Amino acid sequence: MCLGFIDSVFFKNDQLVEINTIVNSEKTSNKAIYEVFRVIGGKPLFIYGHLERLKNSLNKSEIQFSSSEPEQLKKRIKKLCEVNHKDFGNIELRISVDEQGNINKYLGFIKHSYPDATAYIHGIATKTLNVVRKNPAVKAKNTNARKLSNDFISENNLYEVLLVNNRGELTEGSRSNLFLIKGNMVYTAPNTMVLEGITRMKVLQALNNLEIELVSDPINLSEISEFQSAFICGTSPGVLPINRINRVEFDVLNKILREIILEYNNIVNDYLSGN
């Protein structure tokens, strides 16, 4: 495996490259901005939103690079699907700066972690970790928060860990966004405290479609027992119920939760059928 890509062929800049032709010294830079697209039936999901967020991350990281045009990127993803003989999975677009200041663009399939089908019925158990992401608005690789989260997930055999800041407030998952449900309202951390996930934006669209009130306020970990239900959302899991945070249990059959999952799936299906 080279640079984290799992298939025999990927794009480096504008050229298709075979992994076995890349020298061993080439590796992921410590300064790299990226986006991960979920590919379903050869189609990248919500590609326009991902590219807009990539552009914002590049600007905030002061990396002078023009991100790919959507139609060009679609063609390259289609080509990757053809040469690697696969139509489903996760593809990463990475803008990497090496030690000499050279900027390279990579595009290839990466390892993914999709929940088991039963998790959408029974939910997942998760735990909290006191970690603060230095710049939550930027999707950057090789961060200390990412390493700490990965180690915690592995040690505790979790699908996801939820991050808590220095004020004891739940912010987001290590690779997802977090929502909680109380009564007829849905709660989530303010935009300034989290990475504004593309799936999160579609969940907000689902809430609007369903006319469900959203409250964007910090949620203290000590208050989570006041909520009836909880879920995470992200590129790989979609909308995934939580059955437990630490020792606090949640209702995975909550009516509002199930309506949100159904509406989000409708949004996905509508997008794929129109692209």
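Read-outs throughout are calculated quantities, based only on the coordinates presented, and are distinct from any laboratory measurement. This one's a predicted model, so the numbers in the text were calculated from it and none came from an experiment. Methodologically, a virtual Cβ is constructed for each residue, glycine included, from the backbone with ideal geometry; neighbour enumeration extends over all protein chains shown.
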Sum -39500 (n - 2.57) across every DSSP H segment of at least 4 residues in the chain, then divide by the residue count to get the 222 nm mean residue ellipticity, nearest 500.
-9000 deg cm²/dmol
Cα centroid separation, region 140-204 to region 84-139 (Å):
13
Whole-percent tail of the Cα-Cα distance distribution for region 119-274, cut at 27 Å, equals 17
Based on the alpha carbon coordinates of the chain, what radius of gyration and maximum Cα-Cα distance (Dmax) apply, in Å?
18.8, 57
For region 134-214, state the semi-axes of the equivalent ellipsoid (square roots of 5 times the eigenvalues of the alpha-carbon gyration tensor), sorted largest first and rounded to whole angstrom.
25, 14, 12
Quick one: compute the contact order of the chain, relative version, from alpha carbon pairs under 8 angstrom and 6+ residues apart, as a percent.
18
For region 9-110, convex hull volume per residue from C-alpha positions, Å³
94
Label-point gap, in nm, between K105 and N191 - each point 7 angstrom along Cα→Cβ
2.6
Listed pairs K12/K74; K31/K139; K60/K147; K75/K111 exceeding 18 Å between Cα atoms
K60/K147; K75/K111
Taking only Cα atoms and a 10 Å spring cutoff, compute GNM fluctuations for the chain and point out the largest among H85, H112, H122.
H85
Over region 119-274, what relative contact order in percent results from Cα pairs under 8 Å that are six or more residues apart?
26
For region 51-114, alpha-carbon Rg and Dmax in angstrom:
13.2, 37
At 37 °C and 0.692 mPa s, what whole-number value in µm²/s does Stokes-Einstein give for the translational diffusion of region 230-273, with Rh from the Kirkwood sum over Cα pairs?
289
At R0 = 30 Å, how high is the FRET efficiency between K79 and A137 if r is their beta carbon distance? Nearest 0.05 is fine.
0.45
What is the antiparallel percent of DSSP beta bridges lying wholly in the chain, to the nearest 5?
80
Taking 7 Å along the Cα-to-C-beta vector as the label spot, tell me the Q72-E213 distance in nanometres, rounded to one decimal.
4.7
